[in-house]
1. Please identify the pairs in which a residue from segment 109-120 that is within 16 Å of P170 (Cα to Cα) has its Cβ atom under 9 Å from the Cβ atom of a residue that is part of a loop (DSSP other than H, G, I, E, B) and of a type in the set (V, I, T), counting only partners at least 6 apart or on another chain.
2. Restricting attention to segment 44-64, report how many residues are surrounded by fewer than 17 Cβ atoms within 10 Å (Cβ to Cβ), more than 19 Å from A140 (Cβ to Cβ) and touching a residue at least 12 places away in the same chain (Cβ under 8 Å).
3. Among (1) surrounded by fewer than 19 Cβ atoms within 10 Å (Cβ to Cβ); (2) closer than 22 Å to L149 by Cβ; (3) in contact with a helix residue (DSSP H, G or I) (Cβ under 6 Å, 6 or more places away or on another chain); (4) among the hydrophobic types (A, V, I, L, M, F, W, C), where does F26 come up short?
4. Could you tell me how many of the residues in segment 189-198 are open to solvent by less than 60 Å² (accessible area, probe 1.4 Å) and either in contact (Cβ under 8 Å) with a residue 60 or more places away in the chain or over 23 Å from the mean Cα position of the chain (by Cα) (or both)?
5. Only one of these conditions is not met by S67: (1) under 18 Å from L10 (Cβ atoms); (2) exposed (fewer than 15 other Cβ atoms within 10 Å of the Cβ). Which number is it?
6. For segment 59-77, enumerate the residues that are over 23 Å from the mean Cα position of the chain (by Cα) and over 10 Å from K7 (Cβ atoms).
7. So for segment 145-156 (the condition being within 30 Å of F60 (Cβ to Cβ), open to solvent by less than 10 Å² (accessible area, probe 1.4 Å) and over 13 Å from the mean Cα position of the chain (by Cα)), does at least one residue qualify?
8. For L136, state whether it is under 18 Å from A210 (Cβ atoms) and buried (at least 19 other Cβ atoms within 10 Å of the Cβ).
Amino acid sequence: MKGLLKKEFLLCLHPTCLVFLSFAAFVFIPNYPYEVMFFFSGLSVFFVCLTARENGDTSFTAVLPASRKQAVAARMLFCGVFQVALLLLAGVTTAIKQAVFPPEAQVNLAGSTANLAFLGNGALLLGLFNILFFPLYYAAPHKVGVPFLLAGAAQFLLVAVLIALRFSVPFWRDMLTVPDPANLGAKLAVFFSGVVFYAALSALGYVLSAKHFSRIDL
């Protein structure tokens with residue numbers, strides 16, 4: 001597994017994996033749907049898998065002394081490193097914004113306010129991508145576009161739902177879209193729920209992906 005992870009970082013790393021980490025700074029844009037930053041994390045995964053396909057990575061990995069399940073685990077762990085890094089950086093930029101900006105300037109009129117609940121939403125969006133993209137991708141590794149389109153569309157649909165909740169549900173509007181530390185208990189519940197869903201959806205995505213990849217003829 002260590003060797004496969006090293007292969008991922010040395011041979012499959014795409015520049016967008018690093019560039020899109022800077023999108024954690026989206027929280028400083030006034031009145032912007034901040035959750036969009038997590039869509040770009042999925043876009044970097046798409047570029048990784050697309051570049052791997054063009055470079056014959058699947059065939060190369062198949063001849064290595066490792067199982068297909070290990071190959072899937074290595075790719076998903078590799079991508080998970082950058083997903084978690086983006087979530088952590090979003091937490092850092094959110095904390096900076098809360099420390100520097102006055103409370104009235106932190107409220108986002110276009111969607112979620114940058115706070116703990118927003119970070120929970122981000123974790124959920126990342127998990128949603130993993131459960132959709134990877135099983136579809138590993139069912140047919142030469143077809144990268146369709147899995148990304150479906151996973152990306154699902155993410156944007158969820159972002160739209162979150163924006164709608166911000167304006168239509170009083171609890172969401174009054175409790176979850178205000179700056180920290182107000183209503184900290186409710187926000188912590190949303191945050192930890194998002195993290196749990198991320199872990200659960202990613203784990204299920206791995207199980208399905210490994211099952212699909214083990215069945216195909218390379």
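1. G111/T177; S112/T177; T113/V107; T113/T177; T113/V178; A117/T177
2. Adding up the residues that qualify gives 1.
3. Exception for F26: condition (2).
4. Counting residues in segment 189-198 that are open to solvent by less than 60 Å² (accessible area, probe 1.4 Å) and either in contact (Cβ under 8 Å) with a residue 60 or more places away in the chain or over 23 Å from the mean Cα position of the chain (by Cα) (or both) gives 6.
5. (1)
6. Within segment 59-77, S59, A62, V63, P65, S67, R68 meet the criteria.
7. Yes: one or more hits.
8. Values: under 18 Å from A210 (Cβ atoms): yes; buried (at least 19 other Cβ atoms within 10 Å of the Cβ): yes.
Criteria met by L136.
The values are calculated or read from the model by the stated rules, or taken from the named source; none is laboratory data. These numbers were taken from a predicted model, which means no experiment stands behind them. FYI the Cβ positions are ideal-geometry reconstructions off the backbone, even for glycines, and counts take in every protein chain you see. Only protein heavy atoms, including side chains, enter the accessible area calculation; ligands, DNA and RNA are left aside. Shrake-Rupley method; radii C 1.70, N 1.55, O 1.52, S 1.80 Å.
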